[in-house]
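Just below is one structure, and these are the notes that go with it.
Bear in mind these aren't lab numbers, they're just calculated from the coordinates by the rules spelled out. As the structure is a computational prediction, the values presented were derived from the model and not from experiment. Every residue, glycine as well, gets a Cβ built from its backbone with ideal geometry; the counts of neighbours run over all protein chains shown.
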Amino acid sequence: MKTHFLFPNKYKKIGWILFVPTIILIFYAWIFDSSLFEEIMNIKVFAIYKTNILGDPQVFTFINNHFFDETLTIIFIISVLLIGFSKLKNEDEMIAKIRYESLVWATYFNLFLLLFNTLFFYGLFYGNFIILNIFSQLLFFIIRFHYKIYQLNKSISHDE
């Protein structure tokens, strides 16, 4: 089967190598404190648009920014992209079907969570959820896809 839009299998390992330390740092910064990293990574970056609490917005300018959050976000996105969309060693029609169904399932589940949280949560929690919701679809996809592959492999080993 031709899989035009998938990365080679070796990229999955790179994705996992990037994912594990990144998710640990994300949880550490989220639960504890990211000020240590923010002091180290305070750099001047180009901003197309930046709003200020007090004062006018800044357009097409350089600003000082704690680039820690952005760095973790970029690495996280790249890692889940590589994990979720790298070929398996034996990519066939059944794997493609499982991949497709997992992606549809993850989309439904993600949209359900979005609707549920829109109806029942407000304020800062809702804003934080929206940020997490951006990344959750790929995580749901990866979890379901690999679980279904595990089930498939388990059923094949029982048949033999």
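Quick one: length gained pulling Asp92 to Ile78 fully straight, 0.36 nm per residue minus the C-alpha distance?
Result: 2.6 nm gained on full extension.
Net length available on complete extension from Ile43 to Tyr147 is 33.4 nm, with 0.36 nm assigned per residue and the Cα-Cα distance removed. Of all segments of the chain bounded by trypsin sites (Lys or Arg not before Pro) found in a DSSP loop with no more than 14 other C-beta atoms within 10 Å, the longest spans 3-88. Between Gln58 and Asn133, the distance separating the two model label sites (each 7 Å from Cα on the Cα→Cβ line) works out to 3.0 nm.
For segment 1-151, the residue among Ile130, Ser35, Pro57 whose Cα projects farthest onto the positive side of the dipole built from Cβ charges is Ile130.
Give me the angle, in degrees from 0 to 90, between the Cα long axis of helix 124-159 and the longest principal axis of the Cα atoms of the chain, rounded to the nearest 10. For helix 124-159, the angle is close to 20 degrees.
Out of all DSSP beta bridges in the chain, what portion is antiparallel? Express it as a percent rounded to 5.
Details: 8 of 9 bridges.
The answer is about 90 percent antiparallel.
Counting only lysines at least 8 places from Lys97 when in the same chain, those with an alpha carbon closer than 23 Å to its own are Lys2, Lys10, Lys12, Lys13, Lys87, Lys89, Lys148, Lys154.
With the Cα gyration tensor of the chain in hand, convert its eigenvalues to equivalent ellipsoid semi-axes via √(5λ) and list them largest first in whole Å.
Details: eigenvalues 262, 79, 47 Å².
Equivalent-ellipsoid dimensions as semi-axes: 36, 20, 15 Å.
Compute the helix-to-body angle for 10-31: its Cα long axis versus the longest principal axis of the chain, expressed 0 to 90° and rounded to tens. Helix 10-31 and the main axis of the chain meet at about 40 degrees.
For Asp33 and Asp69, a Förster radius of 22 Å and the Cβ-Cβ distance give a FRET efficiency of 0.95, rounded to the nearest 0.05.
Using Cα pairs under 8 angstrom and six or more residues apart, how large is the relative contact order of the chain, in percent? Please report the intermediate quantities before stating the final value.
Details: 140 pairs, mean separation 42.5, N = 160.
About 27 percent, as a whole number.
In the chain, the longest principal axis of the Cα atoms and the axis of helix 93-120 are about 40 degrees apart.
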